[in-house]
Amino acid sequence: MAYEPSAAAERNLRLFCTKTQISLVRNVRGAVFPGSMGERAAKAFGRRLQEALLARVPAEDLTDDDDLAEMAEVCHGLSPRGERGPGYRLLKATAADGETTVWCEVMSANHLTFSVCGTFLDFVGKTALLRAFVDALAEPLQFVSAPGLGYLTAQPTLVGTGMRIRSWMHLGGLAHFGYLNELCNAAEAKGALVELEHPDSPPPGSLIILFNRFSLGGTTAEIAGRFREFLVRVSEQETEARWRLLRDEPFVFLDILTRAKAVLKAATMMGEAEALDLLSDLRLGLTTGAATARKVDPLDPNWFDDATDRVFFRKHGRALRRKHPLPHDVDTYQPWREEALRAAWMRPLAGFALSRELIERADGQ
């Protein structure tokens, strides 16, 4: 019998999926993989590939953009600065719709990695858009493939379509009830994997990355469709977990939100992990109606990214530093300065109100 997602799970996927990255990796015929090249050869080949790309598509070279290099992994799922090899180049192009950014990474793990990243939920449509962009370069750049296998890649799991689709999910309900091991098992059964260092301990903010397990066994559209269907199933379970928290554990939920409010209001310093956990608690409250807040959008795609160490100070630190003068010793010591400014940045979120329903449920439990 065909799976029919609930309307709530389909609708709530937008609440739980903070962003998705779709990538297609390609390699060029006649060249070894980047990891097998020496520094001089990698740099020369990287320049050659960059020139070949720029000759065929309008693109901006952002390789030397220092702020982007630091924020690229968090915001766009791109290679972090520390993993960029000697021939690495980063180009920014635009897809045929005139709106979607296509990131072109030259000489990362493969010769070429093309990605789109954002809050979109039309995985099949975005995949088709990216595929059209990449396919137009196949003949002039001479992508290497093999009969019966498809595109050859440096990572065995990407041989075939060369496709990797990853979604960042806020799964605070499943994490609260300790269901992350079950999530990992379900993902493996459905051809997906969960990126977790410790399945028994949720990551900061209960932000969990899920990605496709296989690049073979289907077209890019089929892989994207199956992956989205799995995310909808996950959303179904996350929806139930959130309502269970409100329905069966209102006293616990009240404690979670009351503590979050107190810390947001009173903290003078705040680290990345604590900030992400507080955002997770508040988002749980807002998406279930257990809390309300003016001028706070629980769908804001930048909520979690902006709180991270790699992004926060580069996007908000300078303005906050002018607005919130700090004691001399705090201002001159970077770790203290950034934690103090992050606490100031988070403080307005303490203005949320607890719902009467939650309070009544907690009093009557």
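Against the condition farther than 16 Å from Phe33 by Cβ and without any contact (Cβ under 8 Å) to a residue 12 or more places away in the chain, how does Pro147 come out, does it pass? Spell out how you get there, then give the answer.
Values: farther than 16 Å from Phe33 by Cβ: yes; without any contact (Cβ under 8 Å) to a residue 12 or more places away in the chain: yes.
Taking the combined requirement at face value, the residue satisfies it.
Of a type in the set (A, V, I, L, M), over 29 Å from Gly85 (Cα atoms), at pLDDT 95 or above and open to solvent by less than 60 Å² (accessible area, probe 1.4 Å): is that true of Ile165 in this structure? Talk me through it step by step, then tell me what you get.
Numbers: of a type in the set (A, V, I, L, M): yes; over 29 Å from Gly85 (Cα atoms): no; at pLDDT 95 or above: yes; open to solvent by less than 60 Å² (accessible area, probe 1.4 Å): yes.
Criteria not met by Ile165.
For region 104-125, enumerate the residues that are in a loop (DSSP other than H, G, I, E, B) and among the aliphatic types (A, V, I, L, M).
Initially, region 104-125 is screened for residues in a loop (DSSP other than H, G, I, E, B), giving 107-111, 119-122.
Once the filter is applied, which keeps residues that are in a loop (DSSP other than H, G, I, E, B) and among the aliphatic types (A, V, I, L, M), region 104-125 yields Met107, Ala109, Leu121.
Looking at (1) in contact with a helix residue (DSSP H, G or I) (Cβ under 6 Å, 6 or more places away or on another chain); (2) in contact (Cβ under 8 Å) with a residue 60 or more places away in the chain; (3) open to solvent by 10 Å² or more (accessible area, probe 1.4 Å); (4) assigned to a helix (DSSP H, G or I), find the lone condition where Ile256 falls short.
Of (1) in contact with a helix residue (DSSP H, G or I) (Cβ under 6 Å, 6 or more places away or on another chain); (2) in contact (Cβ under 8 Å) with a residue 60 or more places away in the chain; (3) open to solvent by 10 Å² or more (accessible area, probe 1.4 Å); (4) assigned to a helix (DSSP H, G or I), only one is false for Ile256: (2).
Within region 208-224, identify whether any single residue is farther than 30 Å from Leu152 by Cα and either open to solvent by 10 Å² or more (accessible area, probe 1.4 Å) or touching a helix residue (DSSP H, G or I) at 6+ places or on another chain (Cβ under 9 Å) (or both), and answer yes or no.
Applying the first criterion (farther than 30 Å from Leu152 by Cα) to region 208-224 yields none.
The answer is no; no qualifying residue exists.
Among the β-branched types (Val, Ile, Thr) and in contact with a Gly (Cβ under 6 Å, 6 or more places away or on another chain) - does that describe any residue in region 180-203? Quick ask: steps written out before the conclusion?
Within region 180-203, the first condition is being among the β-branched types (Val, Ile, Thr), and the residues that meet it are 194.
Next cut, in contact with a Gly (Cβ under 6 Å, 6 or more places away or on another chain) only: none.
So far as region 180-203 goes, no, none of its residues is among the β-branched types (Val, Ile, Thr) and in contact with a Gly (Cβ under 6 Å, 6 or more places away or on another chain).
Picking from Lys92, Lys43, which residue would you name as being part of a strand (DSSP E or B), open to solvent by 20 Å² or more (accessible area, probe 1.4 Å) and not β-branched (Val, Ile, Thr)? Walk me through it before giving the result.
On the way: Lys43 fails: part of a strand (DSSP E or B).
One residue alone meets the criteria, Lys92.
A quick yes/no check of all residues on (1) assigned to a helix (DSSP H, G or I); (2) crowded, with 20+ Cβ neighbours inside 10 Å:
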| position | (1), (2) |
| --- | --- |
| Val263 | yes, no |
| Met269 | no, no |
| Arg283 | yes, yes |
| Lys295 | no, no |
| Asp305 | yes, yes |
| Phe313 | yes, no |
| Glu339 | yes, yes |
| Arg347 | yes, no |
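If you take the residues of region 69-80 that are open to solvent by 20 Å² or more (accessible area, probe 1.4 Å) and assigned to a helix (DSSP H, G or I), which of them is nearest to Phe312 (Cα to Cα)? Can you show your working first?
Going through region 69-80, the residues open to solvent by 20 Å² or more (accessible area, probe 1.4 Å) turn out to be 70-71, 73-76, 79.
Now restrict to residues that are assigned to a helix (DSSP H, G or I): 70-71, 73-76.
Details: Glu70: 11, Met71: 9, Glu73: 14, Val74: 11, Cys75: 11, His76: 15 Å.
Within region 69-80, the match that is nearest to Phe312 (Cα to Cα) is Met71.
The values are calculated or read from the model by the stated rules, or taken from the named source; none is laboratory data. Values in this document were obtained by computation on a predicted structure and should not be read as measured data. Glycine gets a Cβ as well: all are built from the backbone with ideal geometry, and neighbour counts include every protein chain shown. Accessible surface areas use protein heavy atoms only, side chains included; no ligands, DNA or RNA. Shrake-Rupley method; radii C 1.70, N 1.55, O 1.52, S 1.80 Å.
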